[in-house]
1. Do you know which of the residues in region 109-125 that are under 23 Å from Ser29 (Cβ atoms) and either charged (D, E, K, R) or surrounded by fewer than 19 Cβ atoms within 10 Å (Cβ to Cβ) (or both) is modelled with the lowest pLDDT?
2. Pairs under 6 Å by beta carbon, first residue assigned to a helix (DSSP H, G or I) in region 110-134, partner open to solvent by less than 40 Å² (accessible area, probe 1.4 Å) and modelled with pLDDT under 90, six or more apart or different chains?
3. Go through (1) closer than 19 Å to Thr126 by Cβ; (2) modelled with pLDDT of 90 or more; (3) more than 11 Å from the chain's Cα centre (by Cα) and name the single condition Glu60 misses.
4. Conditions: (1) at pLDDT 70 or above; (2) more than 23 Å from Leu152 (Cβ to Cβ); (3) not basic (Lys, Arg). Glu9 meets all but one. Number of the miss?
5. If you go through region 126-154 one residue at a time, how many are closer than 17 Å to Val75 by Cα, touching a strand residue (DSSP E or B) at 6+ places or on another chain (Cβ under 7 Å) and open to solvent by 20 Å² or more (accessible area, probe 1.4 Å)?
Amino acid sequence: MILAACSEEKVIKDGAGDMKEEVINVSGSIDKISVTGYDSAIFTVDEEQPQERKVVFEKEEEIEMFLKAIKDSSVPSGEITSEGEITSEGENFRIELSYQDGNSDTILLWLYPERNLGRIQKENYTGLVRVLSEKDVESIAKLLEEQYRENLTE
């Protein structure tokens, strides 16, 4: 299986001139995606101290779902607020993209399915913050829950 994705660059025109909107680079052939996080709403746990959980996605359709969410994400027009602000909270997941050539990239993920909110940003908080669509938030949360439950039964 070879899954390839590429980076994009869009130009946004504003009153002060052109501003480049960088889409998170996910170029290359992705072998697997690992998602690590502490979120107890997705990783149902009966522990007092939630431990970091990791799920791995290797199926083509699962990988494509993550790549679609990344590609379809958008730069917000203002601050990221809704019923709760997620700009000051730390990410609750890390997405590691593992390429067939042995390299990898990490994307930070803030995922709050109960509020239909999600955002991504490059590792080390570089680049623009990008907002996920409500549909992608729902799809990723459901996929994470299903994969986590499947791993528990193995």
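1. Quick first cut of region 109-125, residues under 23 Å from Ser29 (Cβ atoms) only: 109, 120, 122-123.
Imposing the further condition that a residue be either charged (D, E, K, R) or surrounded by fewer than 19 Cβ atoms within 10 Å (Cβ to Cβ) (or both) reduces the set to 122-123.
Working: Lys122: 89, Glu123: 84.
Per the criteria, the residue is Glu123.
2. Cβ pairs passing all conditions: Arg115/Gly84.
3. Status for Glu60: all satisfied but (1).
4. (1)
5. Count: 4.
The values are calculated or read from the model by the stated rules, or taken from the named source; none is laboratory data. For clarity, every value in this text was computed on a predicted model and none was experimentally measured. For neighbour counting, all protein chains shown are included, and Cβ atoms are generated from backbone atoms with ideal geometry for every residue, glycine included. To get the accessible areas, we keep the full protein, side chains included, count just its heavy atoms, and leave off ligands, DNA and RNA. Shrake-Rupley method; radii C 1.70, N 1.55, O 1.52, S 1.80 Å.
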